[in-house]
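Data first, discussion second: the structure below is written as structure tokens.
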Amino acid sequence: MNYARALLREVEGYTPGEQPKDPGVIKLNTNENPYPPSPRVLEAVHALGPDALRKYPDPLAVRFRELCAARYGYPGADWVVVGNGMDELLAMALRGFVDPGDTVLATYPTYSLYEVLCQLHGASLKYVDLDNHFQLTEEFFRTPARLCFLTRPNAPSGVAVPREEVARFCEGFKGIVVLDEAYTDFADDNCMDFPTRFENVIVMRTFSKSFSLAGARIGVAVAQPELINEFLKIKDSYNMDVFSQAVGCAAMDDYDDMLARVAKVRYSREGLRNKLLALGFDVPESQSNFLLAHWKGVPTARELYQQLAARRILVRYFSARRLENALRITVGTGDECSALVTALKGILSR
Ligand SMILES: Cc1ncc(COP(=O)(O)O)c(C=O)c1O
């Protein structure tokens, strides 16, 4: 007997990047930050007494939402909702603003979780290809949908479409626009002011990348209070546990520490890109903490991925259309980037 809902029989589910047990592996496959989070984060965890564990956390995470609102230039917590990672907020956006059967729009390529979330919700995802430079096309502007996921900077290309293009899109689009800014702290600019300008825009951020807190599962969404109110109706009562709230507040309080780490990653990103270009890879300029390195030749990109893994260096390989000749490489520490380049030189010279 198959007891699952009919809808689920077609769904394979999302496959996250590998999390190897071996601590000796150089892990450049899931866009984590290679540097530790602010020391204040651990202090905040240690400061939690038994009572904090015994009782339920603040269901509305008010202090953390207020800190986010202040940092992002908004009048108060009613402009912000927080969640168990941005992934939870993405799913909530579908539950809040899309009826089963509706169309959702996204660029191709993009973050592959959107497709799984749409399948689970019974919505149909319409992909419109980015052009060869990973920019929006006029077809994208013309495609109607109930909601659009727009990733800026894009994953997995790392390219950020110009802010003015995003504004033009938000202005003309009749549904909700979710601007996924997971990687925006590594970029030159962002669209965090858009919710003041557009009533249909929700900007989402994660603490998994720039704040080095992927393990804590912290996501933030900013939008006009009417939209935030819908999220508050949908969310689980205690969707952010006491640790994540404490950790999120401590990380926000030490914002400069995050900025310093981001500067190091941006510096390594340029160095790594130049070395990959010198090795013959085609690498678009990235505004993120990863590079999409295209490779045409022998060994193939898939073989390169396998041979790097055999040397205990993990990068991400997608067999999907337009990505099958590329490696997505997270920018690691200077030493990690050097180890990768040395390994690639070794493989390519054989
Ligand atoms: C584009 C994009 N959006 C959202 C997320 C999810 O972030 P979180 O770890 O907060 O769930 C990721 C994670 O890799 C991502 O790449």
Next on the checklist: Suppose we filter segment 178-210 for residues that are farther than 26 Å from residue 32 by Cα and open to solvent by less than 10 Å² (accessible area, probe 1.4 Å); how many remain?
Outcome noted: 3
Checklist entry - Would you say residue 152 is in the same structural domain as residue 247 (by TED's automatic domain parsing), surrounded by 18 or more Cβ atoms within 10 Å (Cβ to Cβ) and either within 20 Å of residue 323 (Cα to Cα) or at pLDDT 95 or above (or both)? => result yes
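Per-residue answers, yes or no, for (1) at pLDDT 95 or above; (2) open to solvent by 40 Å² or more (accessible area, probe 1.4 Å):
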| position | (1), (2) |
| --- | --- |
| 296 | no, yes |
| 308 | yes, no |
| 315 | yes, no |
| 319 | no, yes |
| 329 | yes, no |
| 338 | yes, yes |
| 341 | yes, no |
| 344 | yes, no |
| 350 | no, yes |
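Let's see how each residue does on (1) among the β-branched types (Val, Ile, Thr); (2) over 21 Å from residue 70 (Cβ atoms):
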site: 186; (1), (2): no, yes
site: 189; (1), (2): no, no
site: 194; (1), (2): no, no
site: 202; (1), (2): yes, no
site: 221; (1), (2): no, no
site: 234; (1), (2): yes, yes
site: 240; (1), (2): no, no
Checklist outcome for this item: Within segment 91-114, of all residues that are in contact with a Phe, Trp or Tyr (Cβ under 8 Å, 6 or more places away or on another chain) and open to solvent by 20 Å² or more (accessible area, probe 1.4 Å), the one farthest from the ligand (Cβ to nearest atom) is 96
Item to check | Any hit, segment 172-185, residues being modelled with pLDDT of 95 or more, more than 12 Å from the ligand (Cβ to nearest atom) and within 25 Å of residue 254 (Cβ to Cβ) | outcome: yes
Checklist entry - Within segment 250-350, which helices (runs of 4 or more DSSP H) (wholly inside it) include 1 or more residues that are within 30 Å of residue 66 (Cβ to Cβ) and either among the hydrophobic types (A, V, I, L, M, F, W, C) or within 20 Å of the chain's Cα centre (by Cα) (or both)? => result 255-278
Checklist entry - What are the residues in segment 213-225 that are surrounded by fewer than 23 Cβ atoms within 10 Å (Cβ to Cβ) and touching a residue at least 60 places away in the same chain (Cβ under 8 Å), if any? => result 214, 217, 224, 225
Next on the checklist: Condition first: part of a helix (DSSP H, G or I) and surrounded by 22 or more Cβ atoms within 10 Å (Cβ to Cβ). Now tell me which residues in segment 230-249 satisfy that.
Outcome noted: 231, 244, 245, 246, 247, 248
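Look through 218, 202, 228 and report the one residue that is more than 16 Å from the ligand (Cβ to nearest atom) and of a type in the set (Val, Ile, Thr). I'd like the intermediate steps shown before the answer.
Details: 218 fails: more than 16 Å from the ligand (Cβ to nearest atom); 202 fails: more than 16 Å from the ligand (Cβ to nearest atom).
Answer to the selection: 228.
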Item to check | Condition broken by residue 68, with the remaining ones in (1) within 16 Å of the ligand (Cβ to nearest atom); (2) over 22 Å from residue 260 (Cα atoms); (3) assigned by TED's automatic domain parsing to the domain that holds residue 193 satisfied | outcome: (2)
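Can we say residue 161 is over 20 Å from residue 89 (Cβ atoms) and open to solvent by less than 30 Å² (accessible area, probe 1.4 Å)?
On the way: over 20 Å from residue 89 (Cβ atoms): yes; open to solvent by less than 30 Å² (accessible area, probe 1.4 Å): yes.
Answer is yes for this residue.
The values are calculated or read from the model by the stated rules, or taken from the named source; none is laboratory data. Only a predicted model underlies this, so the values are computations on that prediction, with no experimental measurement involved. Note that we place each Cβ from the backbone using ideal geometry, even for glycine, and neighbour counts take in every protein chain shown. To get the accessible areas, we keep the full protein, side chains included, count just its heavy atoms, and leave off ligands, DNA and RNA. Shrake-Rupley method; radii C 1.70, N 1.55, O 1.52, S 1.80 Å.
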